[in-house]
Amino acid sequence: MENGTPENGSVNGTQTDILPDLSAFDGVDFSNADLHDVVIVGTGPAGWTAALYTARADLEPVVYMGPEPGGQLTTTTDVENYPGFPDGILGPEMMDRFHEQAERFGADARYGTVTHVDFRERPHRLLIDEETPVYAQTVIVSTGASARYLGLDNEQRLIGKGVTACATCDGAFYRGETVAVVGGGDSAMEESTFLTKFADKVYVLHRRDELRASKIMQERAFQNDKIEFVWNTEVIDVLGEDAVTGLEVINNETGETRIMDDVSGLFLAIGHTPNTEPFEGWLDMDDSGYILTKPDSTYTNVPGVFASGDAQDDEYRQAVTAAGTGCMAAIDAERWLQENGRVSPEPARPKTSTHDDPVEAAAARS
Ligand code: NAP
């Protein structure tokens, strides 16, 4: 066991059965790859908070912003439950402020997505956008989660043509129309309420007869005249050639199917899937792909790799909890580096960050 880390191996006994695929590294030349103390993967509240803390700890973090810089909050309107903003704040503006604050202390934010990792030995090897090699002494995974779809063929075909998982992004296109929201959680309540600003009518299609959403969000939706709840109902097909012209739904109690031909927009609000695919086979995950961390920490099963935010949290999933675990990951990474030191890649040493190990630097001078 390395100093200050959990045992290398399973965090809690659950080991993923997917074997790491290293073929993407074939032929990639790491001899001139940059070596960073901390590489942060993802830029939601967790990633930016980890960047802020590691930057303030003088670790010069490099942040790969991923395919959706700012993460899920960039597809949200008002955030009313983040402490410190008594009047609320728009999600995208909040993420801009997180970004700005991290950069103020020296975080190096870069466009690019970490697509492959090799966690066999230190320093860890990463590939950005399939091709650019980077070494990292420590890695903080804060890749968040993405919206889920039903998986119907016509639903997939009509994404962007009337099917969407982002009411904030697309709601304004449905002024005066009738739309349907699928789901019974807080997102479904929030999105359906938001959509009534534009649409004349909003159906909430829920597969049960009881909502999962918090009471306050339920009440807000129940009191909205434009929202109609359709219980025990599932979408089985999405109709339309180039745009949504209706839905085929089934009542799962009676087995009755019917066409809802007044619906021109389908909004999915059925939860999220963690964006952890590049780490499959390396990091222990649960059955849904959420990264498992050692209790009361952000340690994963790989020494020097930490996980924070929605990529490892299927329970709370709030901006403020993500920021909290981002802070924890930064502190864990800083302490881990202090205890375990930095290592050079073998055989050729790459260009390093300005933070050479002081012990190595002293040895080189003598
Ligand atoms: P969620 O709580 O997991 O709810 C997902 C909903 O979609 C559930 O009602 C579920 O039905 C339904 N569903 C899942 N798969 C389905 C499928 N294949 N077909 C039909 N329906 C399906 O997800 P969420 O609403 O996105 O919320 C996630 C987290 O974010 C929660 O912790 C929530 O409190 C939080 N959140 C908070 C706010 C806020 O406070 N402003 C806003 C949004 C989200 P069942 O109920 O039958 O399982």
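All of the numbers you see were taken from the coordinates with simple rules; none came from a lab. Small disclaimer: the values here were computed from a predicted structure and weren't measured. Backbone-built Cβ (ideal geometry, glycine too); neighbour counts: all protein chains shown.
For the chain, modelled as a Gaussian network with Cα springs under 10 Å, which listed residue fluctuates most, Met95, Met260, Met65? With Cα springs under 10 Å in the chain, the top fluctuation among Met95, Met260, Met65 is at Met260. Considering only Phe194, Phe119, Phe173, the mean-square fluctuation computed in a Gaussian network model of the chain, springs between alpha carbons under 10 angstrom, is largest for Phe173. If you build a Gaussian network model of the chain, linking Cα atoms that sit under 10 Å apart, which residue out of Lys161, Lys226, Lys215 swings the most? In the Gaussian network model the winner is Lys215. Shown here is the pair-distance distribution of the chain: with all Cα-Cα distances grouped in 10 Å bins from zero up to the longest one, the shares run 5, 22, 28, 21, 15, 6, 2, 0, 0 percent.
Put a plus charge on the Cβ of each Lys and Arg, a minus charge on the Cβ of each Asp and Glu, and nothing anywhere else: the dipole of region 218-292 about its Cα centre is then about 280 debye. Computed about its Cα centre, the charge dipole of the chain is approximately 700 debye, with only Lys, Arg, Asp and Glu carrying charge at their Cβ. Length gained on full extension, Ala172 to Thr132, computed as 0.36 nm times the residue gap minus the Cα-Cα distance: 10.5 nm.
Taking R0 as 25 Å, what FRET efficiency do you get between Arg212 and Arg335 from their Cβ-Cβ distance, rounded to the nearest 0.05? Efficiency at R0 = 25 Å is approximately 0.10.
Quick one: Glu315, Glu339, fewest Cβ neighbours within 10 Å first, how do they rank? All intermediate terms of the calculation are to be shown ahead of the outcome.
Details: Glu315 8, Glu339 11.
Ranked by crowding around the Cβ, least crowded first: Glu315, Glu339.
Going from the residue with the fewest nearby Cβ atoms within 10 Å to the one with the most, Leu152, Leu19, Leu158, Leu247 rank Leu19, Leu152, Leu158, Leu247. With each label modelled as a point 7 angstrom along the Cα→C-beta vector, the Asp237-Arg97 pair spans 4.9 nm. As a proxy for reagent exposure, ranking Ile40, Ile216 by other Cβ atoms within 10 Å from fewest up yields Ile216, Ile40. Maximal additional length on extending the Ala147-Gln223 stretch stands at 24.7 nm, based on 0.36 nm per residue less the C-alpha distance. Rounded to the nearest whole Hz, the Karplus-based 3J(HN,Hα) values (6.51 cos²θ - 1.76 cosθ + 1.60, θ = phi - 60°) of region 120-136 follow the sequence 5, 8, 8, x, 5, 9, 10, 10, 9, 6, 6, 9, 8, x, 9, 9, 9, with x at glycine and proline.
Lacking any other cysteine beta-carbon closer than 4.7 Å, the following Cys residues of the chain have no compatible partner: Cys327. Note on Phe105 and Arg258: with the Förster distance fixed at 45 Å, the Cβ-Cβ geometry gives a FRET efficiency of about 0.20. Normalised Debye scattering of region 153-268 at q = 0.11, 0.12, 0.22 Å⁻¹ gives log10 I(q)/I(0) of -0.31, -0.37, -1.25, counting only Cα atoms as equal scatterers and leaving out solvent.
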